[in-house]
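The values are calculated or read from the model by the stated rules, or taken from the named source; none is laboratory data. Keep in mind that what you see is a predicted model, and the values were worked out from it rather than measured. Cβ sites come from the backbone with ideal geometry, for glycine too, and all protein chains shown count toward neighbours. Please note that ligands, DNA and RNA were not included when accessible areas were found on the heavy atoms of the full protein model with its side chains. Shrake-Rupley method; radii C 1.70, N 1.55, O 1.52, S 1.80 Å.
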Amino acid sequence: MRRLEGKTALITGGTTGIGRATAELFIEHGARVAITGQDEQRVADAARALGPNAIGIRADVSVAADMDALARRLKTHFGALDIVFANAGVAKPRPLGDVDEAHIDEQIGVNVKGVLYTVQKTLPLVRKPASIILTGSTVAEQGSAGLSVYSATKAAVRSLARSLSAELVGQGVRVNVVSPGPIETPIFGKMGLPDAAVQAWAGEIAAKVPMARFGQPSEVAKAVLFLASDDSSYMLGENLLVDGGMATV
Ligand SMILES: NC(=O)c1ccc[n+]([C@@H]2O[C@H](COP(=O)([O-])OP(=O)(O)OC[C@H]3O[C@@H](n4cnc5c(N)ncnc54)[C@H](OP(=O)(O)O)[C@@H]3O)[C@@H](O)[C@H]2O)c1
C-alpha cells in the first residue's frame, strides 16, 4: 500500500545519504518531493536521478534568505506541504582543545539554526494534518569523545521537537525526531579526517553496536516514512532511535 499518495514533502539535505534514501522511499509511496542541498549541480543531479516526482532547489539551511527563497519556490511549485523532513546536517569531530568559533558556528548554523529556519519558513505552507520530522542522532543520548559540539547540536534538535510540538500541535502539526545511530553515508568522508582514520574509527563504532554493523540509509528512511505517514498519528514530540540497539541495549 502506498502510504503517501497525493502528499507533498520537503526534504532538506536530500542529495545524498539518509535524505536521498528517504526521497526515494517517499516517491515510491506516492509523494511529490522537493530536495535541497548547498550546491546547484549536486541538487540538480540528485533530483534528476529521483525522477519526475522530484524537484531540486539549492538552499543553505543556515541562511535565512535562502530559506525564504526556498519557501517561495515551494509555494509556487506545490502550493502546500504535508511533510517537512528537516534533515540537512554536518558532523565535524574535533577534540575540545581544537574547538574554535568557526567550528562551533558551522555546526550550530546548519544543525540547529537550519532546523529552526526549515520549520519556521515552511510553516505558512504546511496544511493539516502535517508531519514534521527532525533528524537527531543517538549521540545526544551518549557521551562521545571528540563530538562535543555535534552532540550538543543534536541534543538541541531533540529539545526543539518537544518545544515545537507544544507550540504547533494546536495547528494540526506533529513534530517528531528520528535519531539514527551509525549509518553508512557520505557524511564520514566530509569530516576532514584522513581515510585511514575514518576506517579505524568506523571499526570502533561498529564494535559498540549490539547488531555489530552500521545501518543503511534505507533503514532510517523506513522510520521516517512511519513518522511522516498517518501510521504515527498519535505520536508527538517522540524520539525514534534507529541504531541497532546502540543507545538502548
Ligand atoms: N550517517 C550517520 O551516521 C548519522 C547518524 C546520526 C545522525 N545523522 C544525521 O543525518 C542527517 C543526514 O546525514 P547523512 O548521514 O545522510 O549525511 P550526508 O550524506 O552527508 O547528507 C547530508 C545532507 O545535508 C546536506 N547539507 C549539508 N549542509 C547543508 C546546508 N548548509 N544546507 C543545505 N543542505 C546541507 C548535504 O548536501 P550537500 O553536501 O550536497 O550540500 C547532504 O544532502 C544529518 O543531520 C546527520 O547529522 C547521520
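Observations on the structure shown:
- Selection from the stretch 28-63 of residues that are open to solvent by 30 Å² or more (accessible area, probe 1.4 Å), more than 9 Å from the ligand (Cβ to nearest atom) and assigned to a helix (DSSP H, G or I): Glu28, Glu40, Gln41, Ala44, Asp45, Arg48, Ala49
- Scanning the stretch 144-188 for residues that are under 15 Å from the mean Cα position of the chain (by Cα), away from the ligand (no atom under 14 Å from the Cβ) and aliphatic (A, V, I, L, M) yields a single hit, Val175.
- Residue match in the stretch 208-216 (condition: more than 11 Å from the ligand (Cβ to nearest atom), over 12 Å from Ile132 (Cα atoms) and part of a helix (DSSP H, G or I)): no
- Flag if Val220 is outside any loop (DSSP other than H, G, I, E, B) and buried (at least 18 other Cβ atoms within 10 Å of the Cβ): yes
- Here the stretch 109-128 is the region considered, the condition is being out of contact with any strand residue (DSSP E or B) (no Cβ under 7 Å at 6 or more places or on another chain) and away from the ligand (no atom under 14 Å from the Cβ), and the residue that is least open to solvent (accessible area, probe 1.4 Å) is Leu123.
- Just so you know, in the stretch 230-249 the residues that are touching an Asp or Glu at 6+ places or on another chain (Cβ under 9 Å) and among the polar types (S, T, N, Q) include one that is farthest from Ala156 (Cα to Cα), and it is Ser232.
- Subset of the stretch 91-108 that is free of Cβ contacts under 8 Å to residues at least 60 places away in the same chain and buried (at least 18 other Cβ atoms within 10 Å of the Cβ) - its residue that is nearest to the ligand (Cβ to nearest atom): Gln107
- Single condition Ala88 does not satisfy, out of (1) surrounded by 19 or more Cβ atoms within 10 Å (Cβ to Cβ); (2) out of contact with any strand residue (DSSP E or B) (no Cβ under 8 Å at 6 or more places or on another chain); (3) under 26 Å from Phe188 (Cα atoms): (2)
- Restricting the stretch 205-222 to residues that are hydrophobic (A, V, I, L, M, F, W, C) and within 14 Å of the chain's Cα centre (by Cα) leaves a set whose member that is farthest from Val249 (Cα to Cα) is Ala221.
- One residue from Arg73, Arg94 being modelled with pLDDT of 95 or more and part of a loop (DSSP other than H, G, I, E, B): Arg94
- Beta carbons closer than 7 Å, at least 6 apart along the sequence or on distinct chains, pair a first residue in the stretch 38-67 that is over 12 Å from Gly13 (Cα atoms) with a second that is near the ligand (Cβ under 9 Å from one of its atoms) and open to solvent by 40 Å² or more (accessible area, probe 1.4 Å) for Glu40/Arg58.
- Residue within the stretch 77-89 that is more than 16 Å from the ligand (Cβ to nearest atom) and part of a loop (DSSP other than H, G, I, E, B) present: yes
- Single condition Ser179 does not satisfy, out of (1) open to solvent by less than 40 Å² (accessible area, probe 1.4 Å); (2) in a loop (DSSP other than H, G, I, E, B); (3) closer than 28 Å to Lys121 by Cα: (2)
- Search result, residues across the stretch 189-205 that are surrounded by 12 or more Cβ atoms within 10 Å (Cβ to Cβ), within 11 Å of the ligand (Cβ to nearest atom) and assigned to a helix (DSSP H, G or I): Lys190, Ala202, Ile205
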